[in-house]
Structures are given as C-alpha cells and as structure tokens.
Amino acid sequence: MTDTAAMPIAIVGVGKIARDQHIPAIAADDRFTLAATVSRSGGVEGVENFETVEDLLAARPDIPALSLCMPPLPRFAAATAALAAGRHVMLEKPPGATVAEVFKLDRLARARGVTLHATWHSRCADGVAAARAWLRDRQITRLRIDWREDVRKWHPGQDWIWQAGGLGVFDPGINALSIMTEILPHPLHLSGAELHFPENRETPIAADLRFAGPGGIDASAGFDWREEDGEVWEITVDTDGGELRLVDGGARLLIDGTEQPVEGPGEYPALYHRFAELIETAQSDVDPAPLVHVADAFMLGRRIVVEPFHD
Ligand code: NAP
C-alpha cells in the first residue's frame, strides 16, 4: 500500500488465469489500476479494450505497465512490442516459448531502461520461503517431486497447450521446477528424462526426470496429467537434519511430518507487490532456470509414444 497514485496497467489475454488471479489481484492492490485490456474475446466489462497490443501502445501512452497473461507462444511478440515502446512488462510463466526468447527480452528491457518481471507464481506459495530458509545449511541426500493432475479438469479446451511450444505437462510441471530452483541451496542439472507423448499430440502428457547435483544427490520428478483422483503437487526433500515436504503446490510445509506455520499474501498479490517494487527501484527479475530444465528435458529426453488423448 502506498499514498502515491495507482499506476495504470493493462492486461493482455483475458483467459482463465487473468480472470481467476490477475484481475482480482490488481483490484485489491492500491498501487495498480486496471486501465485497459487487449482481448480478442471482449475483455472486461467497463474497461477499455483493444484488438492488438500495437493498438493499445499507440492509443494509451499513459499506461506504463502491461501484464501479459496469454499462452507462451504469442507472448514474445507482445512483450517485444511493449518493451520497445518503453513500457514495464510482467510475464506469466513460462517467460518464453524458448530460452533464447527470455534472454532477448531481458536484454531489450535493459536497453530500454524498463522493468521486466518474469514471474514464477509458485515461488510465492506460502511455504516456499520457509522451505528455502530451512534447507540453506542442510546436506540434501534425496529430492522427489510428484506433480500429477487431471488435464481435463485444469486445462479444458486449451488447444494451445497440446501444440508445439505449449509445453504439455510441463505447463504445470514447470511450477514444481520453479520451486525446486528456488529452495535448493545448490543448483541441479537434468541428467535424463522420459517424455510420454500421446500419439495424436505435439506435447507430452507425462514426464519422468532425473537430476544430478552435489554429493551424488538422488533427485527425480514425475509429472502426469492422467491423474483422475484429485491432485498431487508435492516436493519431498531428505536431509541430514530431517525430511521436508512441501504439499498443495507449496502452500503447506511439513518438517518430519509436522505442519509448520506459514503465511503470506497469496501468490498473485505477492507477484504484483514485487512488480511495483521492481518498477519503483528500476530493476528487473528474470530467472530462466526452470525453463532451462524443461528445454534440457526436450533435448535429452527419450520420446515414448502412448495412447491418443481426446478431450
Ligand atoms: P487460457 O485460459 O487459454 O487463456 C489465454 C488467453 O490468452 C486467451 O483466453 C486469449 O484471451 C489470449 N490469447 C492470445 N493469443 C492467444 C493464442 N494464440 N491462443 C490462445 N489464447 C490466446 O490460458 P490460461 O490458463 O489463462 O494460461 C495463460 C498463461 O498463464 C499460460 O502461460 C499458463 O501457463 C499461465 N498460467 C495458467 C494457470 C491456470 O491455472 N490456468 C495458472 C498459472 C499460470 P483473449 O480472448 O482475451 O484474447
């Protein structure tokens, strides 16, 4: 909260995540006011809407910040246009359809002297900061990620997610990788993967990953979109000082089975708080590490063809 006037911000791409999280988070934040949208499907009632990012940039020089909530593939062109026009940009995850896109956007933001905030919402889950602090001085022997959900429940009708560049099961899986890269005191690198592609789709429905790291750590992850029995979004870390578990996507933290008190403003309020702070201090926050693991999985992973998937 601040006494200064709220900064006008525009949302580009009014889909599930914009409606579920971004619009409520902006409405609850005194530092921003939703001044416009770019939406092919109409946008938000009572808010000026534009057909294209270029139209918005030309018509509204008074809007210094854009939050890009569309899928990764069309996001790069929009981000490039906005940064080139001298606007601050917040990116939904993943920050690019490729790693090179992220480096390009980072360089462009620096050259233009504006803020680029490549967000990883799961890093703002309530248990994550406490997990990072607890692991800082401990010897880690094993890490296991289990990230399973029903794609029909969480991504109904999202064709883009099944098209090359849409990441498939890595779309949720990268949330786990964003937490892993945040909480571990020493980075891991991908050492092997199996990617399960439905024979009628361009992106995987499941993935098994292995990682290498200090001290011969036993680290692996399993992502699966075929879970019909609720969701499992868990990370377990065994250390010389006990077992840490992040459950419910990082919202809850357990040490040796005991629930730890954690609190926070919530993932998306925290992201907008950080965006305001970055703009105020003329900084960017761009960490491609989770996307690098995904790119490595596509490079190193064995491709296994599985039965067709129909929505
Ligand atoms: P979505 O429901 O499919 O919405 C994406 C919106 O982007 C569309 O409704 C459309 O809005 C716009 N868009 C612009 N170009 C598009 C194109 N070529 N193809 C499809 N849509 C296009 O997707 P979403 O779930 O909101 O996901 C968007 C991004 O947020 C993804 O990167 C995803 O990883 C991330 N995310 C999603 C969730 C979640 O729970 N769904 C959670 C965290 C992060 P207009 O009709 O307004 O143009």
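The values are calculated or read from the model by the stated rules, or taken from the named source; none is laboratory data. Computed from a predicted model, the values in this text were never measured in an experiment. Remember, those area values only see protein heavy atoms, side chains included, never the ligands or the DNA or RNA. Shrake-Rupley method; radii C 1.70, N 1.55, O 1.52, S 1.80 Å.
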Item to complete: First check a/c for segment 107-250, with a ≥ b ≥ c the square roots of the eigenvalues of its C-alpha gyration tensor; if it is under 1.5, answer rounded, and if not, answer prolate when a/b is larger than b/c or oblate otherwise.
Response: oblate
Worksheet item: Given a 1.4 Å probe and every protein chain left where it sits, what share in percent of the accessible area of the chain is carbon and sulfur?
Response: 50 percent
Practice prompt. Write down the accessible area per residue of the chain in Å², having rolled a 1.4 Å probe over the full set of protein chains.
Written response: 44 Å²
Fill in: Percent of beta bridges antiparallel (DSSP, the chain, rounded to nearest 5)
50 percent
Worksheet item: Near the amide H of F32, under 5 Å away, which other amide H atoms are found, from residues 5 or more places off or on another chain, if H is placed in the peptide plane?
Response: M7
Worksheet item: Using only the Cα atoms, what convex hull volume per residue in Å³ does the chain have?
Response: 136 Å³
Worksheet item: Hey, which lysines would be in cross-link range of K93, C-alpha to C-alpha under 17 Å, not counting anything within fewer than 8 residues on its own chain?
Response: K16, K104
Worksheet item: To the nearest whole percent, what portion of all C-alpha pairs in segment 7-118 is separated by more than 16 angstrom?
Response: 54 percent
Practice prompt. Report, in deg cm²/dmol and to the nearest 500, the calculated mean residue ellipticity at 222 nm for the chain, where each DSSP H run with n ≥ 4 adds -39500 (n - 2.57) and the sum is divided by the residue count.
Written response: -8500 deg cm²/dmol
